[in-house]
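A short worksheet on the structure shown next.
The values are calculated or read from the model by the stated rules, or taken from the named source; none is laboratory data. This is a predicted model, so every value here is computed, not measured. All Cβ positions, even for glycine, are placed from backbone atoms using ideal geometry, and neighbour counts span all protein chains on display. Protein only, heavy atoms only, side chains kept; ligands, DNA and RNA dropped before computing areas. Shrake-Rupley method; radii C 1.70, N 1.55, O 1.52, S 1.80 Å.
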Amino acid sequence: MKKNLLSFFLFLTLTSVWAQPDLSYYLPDGIAYNPGIPTPKSIIGHEVGEWHVTHDRMVTYMRALDAASDRISLEVTGFSHEARPLLLLTITSPKNHQNIEAIRAQHVQLTDPAKSGSLDVKNMPLVFYQGYSIHGNEASGVNASLLMAYHYAAAQGPEIEKFLDNTVVLFDPSYNPDGMQRFSAWVNSRKSKVISTDPFDTEHNEAWPGGRFNHYWFDLNRDWLVAQHPESQARVRSFHKWKPNVLTDHHEMGTNATFFFQPGVPSRNHPLTPEKNLELSRKMGEYHAKALDNIGSFYYTQEGFDDFYYGKGSTFPDVQGAIGILFEQASSRGHAQESVNGVLTFPFTVRNQFVTSLSSLKAVNEMREEFLNYQRQFFKDAVAEAAKDVNKAIIFGSGKDKAKSFHLAEIIARQQIDIYKVPSTQTINGKEFGAEGSYIVPLNQPNYRLIKGMFEKRTQFKDSLFYDISSWTFPLAFGLEYEELKALPSLGEKVSEAKLPAGKRIGGKSDYAYVFESTNYYTPRALYRLLNAGLRVKVATDPFYHSDGRKFERGAILFTVAGQDKNAEVIEYLINEIAQKDGIDIYAFNTGLDYKGVSLGSSSFMNIRKPEIAMLVGDGISATDVGEVWHVLDTRFQIPVTLMPVEVFNRVNLNKYNTLIIPPTWGSLSASDATKEKLKTWVQNGGILIGLENAVNWLNTAGLGKFDMKKEEEKKDGVVKARPYGDLDEYTGAQETSGAIFEATADLSHPLLFGYYNAKMPVFKSNNLYMEKSKNAYANPLVFTSSPLLSGYISKQNYAKLKEASVAGVSAMGQGRVIGFTDNLCFRAFWFGSNKLLMNAIFYGPIISGGSSR
């Protein structure tokens, strides 16, 4: 009872002098702790919750526990973008540690129906993955990890010994080291001796972009399935190495909330997730409720959050025979903050996370056999479903873009799905699958449900509200051909680790010219290599032919050998780099004569200028959208970009740049008339201004282009239909287009579509922006079809507006161009299919004819 009163006091009141609780505030009653194990304070220099632990101090403490305890084995599984170590502690009894590899190997057999039937789970340890603070500014989780690690190492008595005998804990104290470090530095450097609880204090208001994200400002909790970042790749490797039964994921939410634990809204579970998953989550929830009741903390469950998108940490396990559990603690976003429930202190938030970490440990032990049997049955059922499926395999790929095929194969192989190369070029339903750039995924394998989750198209849903996106069909995301096959075809080499196929040099060495197609994903990287080396490069705006009869489409890249400022050795080096590193086939031309198409000296080959790019960042700009573009330019195409803060924009000399990107905004950009005039003059002098998503609206209102949006249709009779007040949130939520896939018609002759080769392409849409088609017949390069829904959810009202809306538009302004896209072209780093639209705007914007202006 004394602890309950202390908890209540800390939550509701603060004295003018900060009363920092010690370990006794957090640790459970009646448990002795080994004095030979270092406490957090003895290593990090302060009590847990007194300061926000920094990543380096957290690492130091975990290493100290590893050195002091025979229950813990620490490994570095990888490094973040900023080279911080990613730690994983394997925690179990000393006896289990002596036999750890045999335990792991036996446990993994539960996921193989051919072997799992003979396993006796009565004495088999359960594997439990505990992870904290994937959002760096949700710091109560990572700070609670100090306490939980100490408890594992130091707690004594029959209960903890039994738990460790029966459990192998994979302990991940910080999912997001870079974001965590950014946030801890912010709040610690702004902490007063007399704690400020005012929500308007600087401590509680991080500078843009905040600590939530990783180095490139990505939300890592959306990256589990696609694993495009090193932090995620390390976690996924560990997950598949061990195949845990339960994974817990500790987060924070708004300050005025309480505490949430799963399950989420039952009607929003993904249909591929068995009902038994919900049943086990509820049973586990009873442990959390009892633990929180005991310390007087309020909580809720089965509201707000869901388990639909398999790319989240708490949902990723659900399609792989495990149970994912999300915890959300109201955030103090600093050391203490006023809330509608009183003053919320950081130690209080840490304690709730620690208490539910303990309740999770208790639950997985007392439900151990249930979880182990569930895992075994999950994969047995999956294989049985696969056997009944009329489709036996999926083939995907492209003979024209081996790089995109490779990257999808890379994602699939990373998730330990069996995938094979196509043994020879095949044509199926009129689609050609080249031997070098195509792959086959058999469905009859234990990860059948995961494969379905990656490839399925779904347009029918039990619920119309989504916490995250409603569709992510991978081959559509990559813009690749794919087919479901009724019979398993011949398989080529099994892919253990996908490798980008190297390009070829065709026609040998030339003293005249070289050409390559722009269909390859890495064309922009190759193009920038040439331009950055000082070569003059041209793009074809009409088809032409090689002397061997091969046709090259619009968008093909030409560079001569003669007349360049670089010698032949430099050109040879660049050609080899493009072939080997970019995977592009390069053709030698020994003559420019072409009677079937245009000759190489034709004015239809247009010079490409080297892009000098700036992108607006800072307050008012969406950090994740900026991060997506930055990541693509920096890591994929290796093209430099200046991240220009909006507050310095007014005093910048824009003549240093020829391309400016305005990402989506939160609210509206603030710009004076003088700034708008400055921008207009820059465009008129040849600048390329690119607006993404709702930035298109700003361009329109600022007089920097003509991008009219479709408006709501007025009610014919003027009567508004009455609706129950209680349905308000559900109705408005159903109008959100959270993320779905739609088909658009592409004008392949337009420079924005150079390098694309299908007249129809999938477009990802996660907003309600619907641009009117231009009245200029030549100014609609990409338009949604009249029946565009491919996969995902959209309301009837919004679907009507989406039909035949324009995705992209160009406005001519003097010598420059203003280019607007209504949709996200670089979504979460895995939407490869539309990246080329952005790159084409950057490279080919200057050559777009003014006659195609909106």
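Structure summary
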{"item": "Mean-position separation - Cα centroids, the stretch 480-539 and the stretch 135-155, in angstrom", "result": "47 Å"}
{"item": "Probe 1.4 Å, accessible area per residue of the chain, Å²", "result": "38 Å²"}
{"item": "Spin-label model distance (nm) - LYS596 vs THR681, 7 Å beyond Cα toward Cβ", "result": "5.2 nm"}
{"item": "Using distinct alpha-carbon pairs, which all enter the 1/r mean, Kirkwood radius of the stretch 22-175 in Å", "result": "16.6 Å"}
{"item": "Acute angle (nearest 10 degrees) that the helix 2-12 long axis makes with the longest principal axis of the chain, alpha-carbon atoms", "result": "40 degrees"}
{"item": "Cα-based reach from LYS504 at 18 Å (exclusive), listing lysines while leaving out same-chain residues under 8 positions away", "result": "LYS400, LYS402, LYS404, LYS551, LYS581"}
{"item": "Under 14 Å from the Cα of LYS760 - aspartates and glutamates, other chains or at least 8 residues apart", "result": "GLU481, GLU743, ASP747, GLU804"}
{"item": "Distance cut-off 43 Å, percentage of C-alpha pairs in the chain lying past it", "result": "36 percent"}
{"item": "Convex hull volume of the stretch 416-464 per residue (C-alpha atoms, cubic angstrom)", "result": "129 Å³"}
{"item": "Extension reserve of the LYS581-LYS504 stretch, reckoned as 0.36 nm per residue once the Cα distance is removed", "result": "26.6 nm"}
{"item": "Size descriptor, Kirkwood hydrodynamic radius, that averages inverse alpha-carbon separations across the stretch 576-699, Å", "result": "17.2 Å"}
{"item": "Residues of type lysines that LYS678 reaches as a straight line, Cα spacing below 22 Å, ignoring anything fewer than 8 places off in the same chain", "result": "LYS656, LYS706"}
{"item": "Packing-based ranking, highest mean first, of 464-475, 25-36 given that Cβ atoms within 10 Å are counted", "result": "464-475, 25-36"}
{"item": "Linear extension gain, ALA114 paired with ASN294, 0.36 nm per residue minus alpha-carbon span", "result": "60.3 nm"}
{"item": "For the chain, calculated [θ]222 nm from helices alone, where every DSSP H run of n ≥ 4 adds -39500 (n - 2.57)", "result": "-9500 deg cm²/dmol"}
{"item": "Carbon + sulfur, % of accessible area of the chain - ligands and nucleic acids excluded, 1.4 Å", "result": "50 percent"}
{"item": "Percent of Cα pairs exceeding the 13 Å cut-off, where the set is the stretch 45-102", "result": "67 percent"}
{"item": "Efficiency of FRET from Cβ geometry, ASN373 and ASP70, R₀ 30 Å, rounded to 0.05", "result": "0.45"}
{"item": "Stretchable slack from ALA384 to ASN341, in nm (0.36 nm times residue separation minus alpha-carbon distance)", "result": "10.4 nm"}
{"item": "Among 257-264, 70-77, the order from most to least packed when residues are scored by Cβ within 10 Å on average", "result": "257-264, 70-77"}
{"item": "Sorted peptide list for 611-623, 377-389, criterion being average Cβ within 10 angstrom, highest first", "result": "611-623, 377-389"}
{"item": "Among beta bridges that DSSP assigns inside the chain, antiparallel share in %, nearest 5", "result": "65 percent"}
{"item": "Between the stretch 256-305 and the stretch 715-793, the alpha-carbon center distance in angstrom", "result": "35 Å"}
{"item": "Cα-projected label distance for LEU23 with GLU712, points at 7 Å along beta-carbon direction, nm", "result": "6.0 nm"}
{"item": "Mean-position separation - Cα centroids, the stretch 323-345 and the stretch 575-597, in angstrom", "result": "59 Å"}
{"item": "Estimated FRET transfer efficiency (ALA83, TRP208; beta-carbon r; R0 22 Å; 0.05)", "result": "0.40"}
